[in-house]
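Here the structure comes first, spelled out in structure tokens, and everything after it is commentary.
All of the numbers you see were taken from the coordinates with simple rules; none came from a lab. Since we're looking at a predicted model, the values are computed, not measured. Quick reminder, even Gly has a Cβ in these numbers, built from the backbone with ideal geometry, and neighbours come from all protein chains shown.
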Amino acid sequence: MHDKGEAGEQGTTRRQLTTWLSSFGLFGSAILSIFSNLVFIKPRATYGQPQRFNIGKPDAFPPGTRLALEARRVCVVRDGNKLAAISTTCTHLGCIVGLSDTGFACPCHGSRFDQDGNVTGGPAPKPLPWFKISMAPNGELEIDKDVQVEPGSYLNI
Amino acid sequence: MSQATESPSTWKALTDLPNAVWRSIFRNPLPDSDYGRASTSFTNFFLHIHPVKVHQNSIRPLYTLGLGLMSFFLFVILVVTGILLMFYYVPSTTQAYDRMLDLRGSVAFGTFLRNMHRWSAHGMVAIVFLHMCRVFFTGSYKKPREFNWVLGVLLLLVTLLLSFTGYLLPWDQLAFWAITVGASIASYAPVIGNDIRFLLLGDATVGQEALLRFYVLHVAVLPAVLTMLIAVHFWRIRKDGGLSRPAEAEATETAAPPTITISVKAKELVQNKLYGLQGFVRGPFNKVGNVPDRSVFSWPNLVIAEVFVFVITLAVILCVSLAFNAPLEEPVNVMHPPNPAKAPWYFLGLQEMVSYSAFWGGVGIPGVFVVLLLIAPYVDRGNEGVGVWFSRKRLLANTIYTSVVLLNVIMIIIGTFFRGPNWEFISPWR
């Protein structure tokens, strides 16, 4: 303040610049720390059930099989030589759907799905997703629940 | 005797000891003058959250119904019982349910403490909601109290989150499926829905990670947030000029000269002064000595009212906890959801709406509700009808609020009592 007369506009500008830079630095750091906290609480590895797992040799699922692996929340379907894995987690509110004569039925809120997982009734907003199923090098079938595939895309064996 | 002659001051100090200690802690004797009553509030750490005097309207039981205080006292009960329960609880999927059984079977007062915690939690959700209704119907969110209303809405949301996170901890069927359903409702949020769900559960499904996360949120993060918000909420009550009151209750300068006692000493002190430091608040305040004083001393009037509300709250919780046991269902069975699987009751309105439309019921309509609540004081700017229940001048605002609230309440009632297996309509009277 005492040298305002001499420094004039230049002094003010320098002060403003410092203020701007430090505010920017502080604000930026705050944003950065919020972001890193979000990154921190998003787990990179999960400790629960793995999303990718083997279910055994194809022979264990003879043609015509519709077998719900309840603990894995997936239904293995074999139609001739075509294999598919359909989710059994209801798209409504996350209950486990059971097999029914016409496809799948959710015991919680009455959603119904056809053999391919399309909604045929109840509150479910989306069809049941299909998961990637592939042949692992050891000859076992591998399901990856992190990868969804188009309904109707089968693995041919 | 010899001591007395040798060192009378020491002997006197010893005999005086209890009194001296007492007086060093409580600097004022029980007051018998206005000056004393003022100092009592002013010099006591726990009492100085109060102003020295409050407006008569603020302690009218039928005006506030004590709902805000009740919410706070329920929170206090929840903190105390919650900390006690933490001594025995382990947030592990293999142990949590056993610990619940231990509370029932082998911990002294275990059942009782859990009952108190559970019923206070339900009570707090309900009372916080009723407190919001009181504030709305008396028009108390209006200028200069707009931001305190916003804080109140945030407090309601944090209260709901606290209750929701606590729901999972017993790790029984009710807990597991209610959280499964609740987290799925959250995942209907557009774009970030699935990320929210994943961050909340720490995994694709409800499991050990979710239990640990909910535990940390429930016992550390959310209580800290709630405490902070409560502190600002309380502080702003005073800075916004005390509780709202009708304009008629406001003293005007042209009114009759002081009718109520202001002690001679204080009057001399403030003769030429229009405000004290405490006067730096937004909104109306009484200019000392110039206007009819419709305020009363906080000690004892306000303090007695508060103690009364506390005793009533605690008594009700104790009675309910003695009479009803908190539910504990079968241990979690991941394969077999109950039919129907229901969210906690305060989210059943959402679940009912989700059964019609996933996005609108789970995210759209509730989101609109919350936004409406948050902006209400900035949209409804009129200054009329403040401080009166159901003022005719606020007919429109009150009608809109009532219909929005009623819609949710009706949805909750339908979801709670009228929905059976497969979420089909049932009659509760059968």
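Quick notes on this structure:
- Estimated vicinal HN-Hα couplings, Hz - segment B:301-309 in sequence order (Karplus 6.51, -1.76, 1.60; Gly, Pro = x): 4, 5, 5, 5, 4, 5, 4, 4, 4
- Subset of A:K82/B:K342; B:K53/B:K142; A:K42/B:K142; B:K12/B:K53; A:K82/A:K145; A:K42/A:K82 violating a 29 Å alpha-carbon distance limit: A:K82/B:K342; A:K42/B:K142; B:K12/B:K53; A:K42/A:K82
- Residue order, fewest to most beta carbons within 10 Å, for A:C90, B:C133, A:C95: B:C133, A:C95, A:C90
- Peptide B:320-329 - average C-beta neighbours from other chains (10 Å radius): 0
- Tilt relative to chain A, helix A:4-41 - C-alpha long axis, 0 to 90 degrees, to 10: 20
- Listed values for segment A:80-95 are Karplus-derived 3J(HN,Hα) couplings in whole Hz (6.51 cos²θ - 1.76 cosθ + 1.60, θ = phi - 60°), namely x, 9, 9, 10, 8, 10, 10, 4, 10, 8, 4, 6, 7, 9, x, 6, and x replaces Gly and Pro.
- Helix B:34-43 vs. chain B, principal-axis angle (Cα, 0 to 90°, nearest 10): 50
- Placed amide H near A:V147: partners under 5 Å, 5+ positions off or other chain: A:K132
- Per-peptide packing, taken as the mean over residues of other Cβ atoms within 10 Å, places A:57-65, A:71-79, B:64-72, B:305-313 in the sequence B:64-72, A:71-79, B:305-313, A:57-65 from highest down.
- Crossing angle, helix B:67-86 versus chain B [Cα axis fit, 0-90 degrees, rounded to tens]: 60
- Cα gyration tensor, segment B:38-87 - rounded (a/c under 1.5), prolate or oblate: oblate
- Taking a ≥ b ≥ c as the square roots of the eigenvalues of the alpha carbon gyration tensor, segment B:1-123 is oblate, as a/c is not under 1.5 and a/b does not beat b/c.
- Between segment B:34-59 and segment A:43-63, the Cα center-to-center distance that results, in Å: 67
- Relative contact order of chain B, defined on C-alpha pairs under 8 angstrom at six or more residues apart (%): 24
- Cα gyration tensor shape of chain B, rounded if a/c is under 1.5, else prolate or oblate by comparing a/b with b/c: oblate
- Lys/Arg +1, Asp/Glu -1 at C-beta; the protein assembly as shown dipole; positive extreme among B:P377, B:F347, B:V90: B:P377
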